[in-house]
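S.K.: Structure below; questions to follow.
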Amino acid sequence: NAGVTQTPKFQVLKTGQSMTLQCAQDMNHEYMSWYRQDPGMGLRLIHYSVGAGITDQGEVPNGYNVSRSTTEDFPLRLLSAAPSQTSVYFCASRTGQGAYGYTFGSGTRLTVV
Amino acid sequence: EDKVVQSPLSLVVHEGDTVTLNCSYEVTNFRSLLWYKQEKKAPTFLFMLTSSGIEKKSGRLSSILDKKELFSILNITATQTGDSAVYLCAVVPREKLTFGTGTRLTIIP
C-alpha cells in the first residue's frame, strides 16, 4: 500500500515558469488537500477537494489551480511561478467516513529563483 | 477566522524528562483536534480528540482535550532522542485542517 505519493521531491523553477505537482493516493480516500509549509508559518491550506469533480479554495489559493478528475489524483498547478511560492508542499488525504486523521505525502521542496 | 496557537514555540530538555505541549484554539463548528509529529518529512498522525476529558494514550505519549477552555495538551514522559521533532496541533472545523505553527522539541542525550 503506497499511501500518498507526491512527485517530484525537489524542483527548481525560474520566475514565470509553470509546473504541476503531482499527488496520488491508493486508499480510495474522498478528501484530498494541498498545504504549503513555510518557516514560522505552519501548514497553510491552498486548495482541497471532498470528492472527484469537487474542489474549493483554502487559505492561500492565489497563484495555484487544482482539479480532481479522479478519486486517486489531485494535481496542483503553479500558473506563473514567483519567488514567494518557494516552499515545501504537502498533499494529504483521508477517508470521508468518521476519522479525521489525514495521511500526508512526503512533500515537494520547491525553489523559485 | 479559525485560530490555533501552540506553546511553547521551542523546547529543549534532557533525555528522561517529561514535557507538556500546549494547544489552544478558537474555531467555529469544532469537530475534532489532531496532533501530528513531524520529523524531517511529512507529518505523522498521533491522536485525534473529539470529547473533553478523555485521555488518549500511546506508549509514552498521551493527550487530552478541554472543550470548555478550548485547549489540548500533549504529554511525553521519559523522553528519548527519537522524540525530537516538531509537534503540530490542528483543528477540524469542517473538512479543512487549521494548523498551529508547531512546537519544536529537542531532546539532549
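All of the numbers you see were taken from the coordinates with simple rules; none came from a lab. These numbers were taken from a predicted model, which means no experiment stands behind them. Here the Cβ is made from the backbone with ideal geometry for all residues, glycine too, and neighbour counts use every protein chain on show.
S.K.: List, in order, the whole-Hz ³J(HN,Hα) value for each residue of the stretch B:45-55 obtained from phi through the Karplus relation with A = 6.51, B = -1.76, C = 1.60 and θ = phi - 60°; use x for Gly and Pro.
M.R.: Each residue of the stretch B:45-55 in turn: 5, 10, 9, 10, 10, 10, 10, 5, x, 9, 7 Hz.
S.K.: Within the stretch B:70-87, name every residue whose backbone N is under 18 Å away from a label modeled 7 Å from Cα of B:Thr106 along the Cβ vector.
M.R.: Only B:79-87 fall inside the zone, counting backbone N under 18 Å.
S.K.: How would you classify the stretch B:52-109 from its alpha-carbon gyration tensor, with a ≥ b ≥ c the square roots of the eigenvalues: rounded for a/c under 1.5, else prolate if a/b is greater than b/c, otherwise oblate?
M.R.: It comes out oblate by the Cα gyration axes.
S.K.: Can you bin every Cα-Cα distance in the protein assembly as shown into 5 Å intervals starting at zero and give me the percent of pairs per bin, rounded to whole numbers?
M.R.: Calculated P(r), rounded to whole percents: 1, 7, 15, 19, 18, 16, 12, 7, 3, 1, 0.
S.K.: How large is ³J(HN,Hα) for each residue in the stretch B:2-8, as worked out from phi by the Karplus curve 6.51 cos²θ - 1.76 cosθ + 1.60 (θ = phi - 60°), to whole Hz, x for Gly and Pro?
M.R.: 5, 9, 10, 10, 10, 8, x
S.K.: In addition: Which value, in Å³ per residue, describes the convex hull spanned by the Cα atoms of the stretch A:1-46?
M.R.: For the stretch A:1-46, the hull spanned by Cα atoms encloses 117 Å³ per residue.
S.K.: Among B:Asn29, B:Pro109, B:Gly59, whose Cα projects farthest towards the positive end of the dipole of chain B, with charges put on the beta-carbon of Lys, Arg (+1) and Asp, Glu (-1)?
M.R.: The Cα lying farthest towards the positive end belongs to B:Asn29.
S.K.: Moving on to the next point. If you average the sequence gap of Cα pairs under 8 Å that are 6 or more apart and divide by the length of chain A, what percent do you get for the contact order?
M.R.: Answer for chain A is 36 percent.
S.K.: Right, here's the next one. Work out, in µm²/s and without decimals, the Stokes-Einstein translational diffusion coefficient of chain A at 20 °C, 1.002 mPa s, Rh from Kirkwood over C-alpha pairs.
M.R.: 154
S.K.: Calculate one ³J(HN,Hα) per residue across the stretch A:82-93 by plugging θ = phi - 60° into the Karplus curve 6.51 cos²θ - 1.76 cosθ + 1.60, and present them in order as whole Hz with x for glycine and proline.
M.R.: So the Karplus estimates, Gly and Pro as x, are 10, x, 5, 8, 5, 5, 9, 10, 10, 9, 9, 9 Hz.
S.K.: Grab the Cα-Cα distance for A:Ala82 and A:Met27, subtract it from 0.36 nm times how many residues apart they are, and report the gain in nm with one decimal.
M.R.: 16.5 nm
S.K.: Something else about it: Where does the charge balance sit around B:Leu74 when Lys and Arg score +1, Asp and Glu -1, over other residues with C-beta under 10 Å from its C-beta?
M.R.: Result for the neighbourhood of B:Leu74: +2.
S.K.: In peptide A:29-42, how many Cβ atoms from other protein chains are near each Cβ within 10 Å, on average?
M.R.: Going residue by residue through A:29-42 and averaging, the value is 3.
S.K.: Could I ask something else about it? With only Lys, Arg, Asp and Glu charged, each at its Cβ (+1 for the first two, -1 for the last two), find how big the charge dipole of the protein assembly as shown is about the Cα centre; round to the nearest 20 debye.
M.R.: That gives a dipole near 280 debye.
S.K.: Continuing with the same structure: Taking a 22 Å limit on the Cα-Cα distance, which of the listed pairs B:Lys37/B:Lys57; A:Lys9/B:Lys57; B:Lys37/B:Lys68 fall beyond it?
M.R.: A:Lys9/B:Lys57; B:Lys37/B:Lys68
S.K.: Given a Förster distance of 30 angstrom, what is the FRET efficiency for B:Gln80 paired with B:Val5, based on the Cβ-Cβ distance and rounded to 0.05?
M.R.: The pair B:Gln80/B:Val5 has a calculated efficiency of 0.65.
S.K.: Still on this structure, I have one more. What three numbers, in Å, describe the spread of the alpha carbons of the stretch B:8-109 along their principal axes, ordered from the longest?
M.R.: That gives 42, 27, 21 Å along the principal axes, largest extent first.
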